Amino acid sequence: MNLLERDSKYVWHPFTQQKNMTGPIAISKAKDSFLFDENGNAYIDAISSWWVNIHGHAHPYIAEKIYQQALQLEHIIFAGFTHEPAVTLAERLIKILPGDFSKIFYSDDGSTSTEVAIKMAIQFWWNQNQSIVNSQQSTEKRNKILAFNNSYHGDTFGAMSVSDRSVFTLAFHDLLLDVIFIDVPDESNINSIKEKIAEQENSIAAFIYEPLVQGAGGMKMYNPVLLDELLLFIKQKNIICIADEVMTGFGRTGKMFASEYLQTKPDIICLSKGLTGGTMALGVTACTENIYNAFVNDDAHKTFFHGHSFTANPLACAAANASLDLFEKNNVTESIQHITNRNIAFAQQLRKLNGIKNVRTLGTIFAFEIEQGEDVYLNSISTTITKKALDKNVYLRPLGNTVYIMPPYCINDEELDKIYAVLLELI
Ligand SMILES: *Cc1c(COP(=O)(O)O)cnc(C)c1O
């Protein structure tokens, strides 16, 4: 059996209807912005392999650091033990994170980073309540989460609960947590959103949001000034603000973190995807001293009982440290700025065309909708576009009729020109 036959016999792919599945394409190697298949075809990875890759594929510096770490210490239980790569990474992240963060909690991926954030926020209030219960007073429980319509925070149960009720979550609706959903703010709805929050403010533990751009919800960009206004309002209600920067972190939006565009900083921040340069699975949930302190207690019940076998895996931490080295050593910020400027220029060109709408760009993210069929994830135009673009050696994976690009920062002008040209041909 060849590779594809063995794949179809033994493997089940994510987010994929296996019936009549086209492909998959067997990739045998990757380098910088390129993916190479078994037949030697090269494709430009215009979406950074599901938004994770930032310095390019098979980066020799990151590879070397992972290899060296593997020879030294590949893994160790992280309860009762610690190691240099995890401590160094925590130290470095605390220095650059947008806000007053004091502790780093490690997990496995983006979903676990938000899952941890939700559990941390709910237990923060539970721990406070325990003290009050002990002193014979009772207060209303703060255990609900506030989230945006059209959001995406991952696929585990907690993460799914705070994500938009969509085709992704349909089978599980009866089982999901009770979540209060609000629209992303615009001039017309911000006051009614505030009223809705105020009505239930004492029952809300936390608010989770994707700052500036909702990724899987269709690369929807929204008003940072109004988000700031909303965050300030929410903070004043003592609701914990959780920024899910799993996608926006590490330069995607033009700044190191999207929260840098905002005055009001989060109490908890979630990171993954670009954290290791897109090489290894790792999640980070960072919190403020205030949140952390609610767990530090003589009462053992107030412990945060959460952890994974691979918490703070040294190889993943070494990869993340190597990725941060590259930000410091190379001109990554300049590359991001260059892509940003080119996207802005290309957006101006595209806005003149018919058949597409909502041309938008933020940092290295560029998106628009094809005016064909409904604006939904299952719009079949997505697979058609992927196929047509692959024929022209560019890898795209539209979200329904939302076509977007999100290239690695190492992409050069010639490669970007090629992606833009393919987009124009497709339109
Ligand atoms: C991708 C993503 C997640 C989930 O991360 P996984 O690593 O796929 O589990 C969570 N939040 C946002 C904003 C994401 O883009």
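Between the beta carbons of LYS357 and ILE27, assuming R0 = 25 Å, the FRET efficiency works out to 0.15 to the nearest 0.05. If you count Lys pairs in segment 207-267 whose Cα atoms are under 22 Å apart, skipping same-chain pairs closer than 8 places in sequence, the total is 5. Annotation: peptides 74-87, 337-350, ranked by per-residue average of other Cβ atoms within 10 Å with the highest first, follow the order 337-350, 74-87. Residue exposure proxy: CYS270, CYS410, ordered by other Cβ atoms within 10 angstrom of their Cβ from fewest to most, comes out as CYS410, CYS270. Between ASP375 and SER8, the simple spin-label model (points 7 angstrom out along Cα→Cβ) gives 3.7 nm.
Each residue in TYR152, TYR409 was given a count of other beta-carbon atoms within 10 angstrom of its own, and listing them fewest first yields TYR152, TYR409.
In segment 65-328 the Cα-Cα distances spread across 5 Å bins starting at 0 as 1, 6, 13, 17, 19, 17, 13, 8, 4, 1, 1, 0 percent of all pairs. Kirkwood-type hydrodynamic radius, segment 205-342: 16.7 Å, calculated from all non-identical alpha-carbon pairs. Local charge for PHE101 was computed over the other residues whose Cβ lies under 10 Å away, with Lys and Arg +1 and Asp and Glu -1, and equals 0.
May I ask for the net charge around LEU212, where only other residues with Cβ less than 12 Å from the Cβ of LEU212 are counted and Lys, Arg are +1 while Asp, Glu are -1? Result for the local shell: -1.
A DSSP coil position with no more than 15 other Cβ atoms inside 10 Å describes the following trypsin sites (Lys or Arg not before Pro) in segment 345-380: ARG351, LYS352. Seen from a random direction on average, the alpha-carbon convex hull of segment 160-205 projects onto 4.0 square nanometres. What residue among LEU97, LEU416, LEU353 shows peak mean-square fluctuation when the chain is described by a Gaussian network model with Cα springs under 10 Å? For the chain, modelled as a Gaussian network with Cα springs under 10 Å, the answer is LEU353. Just to be sure I understand: with springs between alpha-carbon atoms less than 10 Å apart, which residue in ASN401, ASN330, ASN143 has the highest mean-square fluctuation in the Gaussian network model of the chain? In the Gaussian network model the winner is ASN330. Protection proxy ranking of 112-119, 6-13, by the mean of other Cβ atoms within 10 Å over each peptide's residues and highest first, is 112-119, 6-13. Highest mobility in the GNM of the chain, judged by mean-square fluctuation with C-alpha springs under 10 Å and restricted to ASP109, ASP32, ASP178, is found for ASP178. As a rough footprinting exposure proxy, the listed residues ASP375, ASP164 were ranked by other beta carbons within 10 Å of their own, and the order from fewest upward is ASP375, ASP164. Taking the DSSP beta bridges with both ends in the chain, the antiparallel portion is around 65 percent.
Segment ASN297..LYS392, full-extension length gain: 28.2 nm, with 0.36 nm per residue of separation and the alpha-carbon distance subtracted.
Legend: Rg and Dmax of segment 1-142, from Cα coordinates, 22.5, 72 Å.
Given a Förster radius of 35 Å and the C-beta distance between SER188 and GLU140 as r, what FRET efficiency does 1/(1 + (r/R0)^6) yield to the nearest 0.05? So the FRET efficiency works out to roughly 0.65. Fully extending the segment from LYS329 to GLU229 would add 32.4 nm, taking 0.36 nm per residue of separation and subtracting the current Cα-Cα distance.
Each reported figure results from applying straightforward, stated rules to the coordinates on display, with no laboratory input. Computed from a predicted structure; not experimentally measured. Please note: Cβ atoms are built from the backbone with ideal geometry, for glycine as well, and neighbour counts cover all protein chains shown.
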